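In what follows, a single structure is set out as structure tokens and then discussed.
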């Protein structure tokens, strides 16, 4: 048989927990509160380790349990992300299909849909969420390979420009007399030698 094991809490942590339970009016004992806290912590770690599910809408990922809302003709319509689908009126739909079912054709789903992400209090417009995502992606630094590719392209462009300038300078420095030779003159500019 396994004997019951006890784990010691540091006295300061135990006193802090007792004070909190007493001040908050909780009926839990410190042992019960500790057990609940440990179980919640384990569950939170498991949930964080689980692969995130949700709906991928072009470049915007909408996590599971997010809610979508569209207002039209004075009414609000709601959908929810369940698993990897958006459920609207118990049917799996795309954002565009949702807007078409509500308002017909000619609607822009990015503009018309508002999204409430899990854990958030405020609804956010889908287009604004997409814009924020694109701004963050633009601010990310280049990888070493990308930076070298950009540098090589810049050096190649600079070399091409330098060669064009050298060619132009060579052409301009051509001897003025050489330009006056008969082969460079127009026929009507030539004078006859009849005097």
**Asked** When residue 102 is evaluated against the numbered criteria (1) loosely packed, with under 13 Cβ neighbours inside 10 Å; (2) in contact (Cβ under 8 Å) with a residue 24 or more places away in the chain, which criterion, by number, is the only one it fails?
**Response** (1)
**Request:** Assess whether residue 140 counts as being modelled with pLDDT of 75 or more and closer than 30 Å to residue 63 by Cα.
**Result:** no
**Message:** Checking residue 161 against (1) within 30 Å of residue 54 (Cα to Cα); (2) surrounded by fewer than 11 Cβ atoms within 10 Å (Cβ to Cβ): exactly one of these is not met. Which one?
**Reply:** (1)
**Fill in**
The residue that is modelled with the lowest pLDDT, considering only those in the stretch 108-130 that are out of contact with any strand residue (DSSP E or B) (no Cβ under 7 Å at 6 or more places or on another chain) and surrounded by fewer than 17 Cβ atoms within 10 Å (Cβ to Cβ), is 119
**Message:** Restricting to the stretch 72-88, give me the number of residues that are under 15 Å from residue 113 (Cβ atoms), loosely packed, with under 13 Cβ neighbours inside 10 Å and in contact (Cβ under 8 Å) with a residue 12 or more places away in the chain.
**Reply:** 0
**Request:** Name every residue in the stretch 131-148 that is surrounded by 10 or more Cβ atoms within 10 Å (Cβ to Cβ), without any contact (Cβ under 8 Å) to a residue 60 or more places away in the chain and in a helix (DSSP H, G or I), in order of residue number.
**Result:** 131, 132, 146, 147, 148
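Would you check if there is a residue in the stretch 32-45 being more than 27 Å from residue 130 (Cβ to Cβ), in contact (Cβ under 8 Å) with a residue 12 or more places away in the chain and in contact with a helix residue (DSSP H, G or I) (Cβ under 8 Å, 6 or more places away or on another chain)?
Yes, some residue in the stretch 32-45 is more than 27 Å from residue 130 (Cβ to Cβ), in contact (Cβ under 8 Å) with a residue 12 or more places away in the chain and in contact with a helix residue (DSSP H, G or I) (Cβ under 8 Å, 6 or more places away or on another chain).
The values are calculated or read from the model by the stated rules, or taken from the named source; none is laboratory data. Keep in mind it's a predicted model, so treat the numbers as computed, not measured. Here the Cβ is made from the backbone with ideal geometry for all residues, glycine too, and neighbour counts use every protein chain on show.
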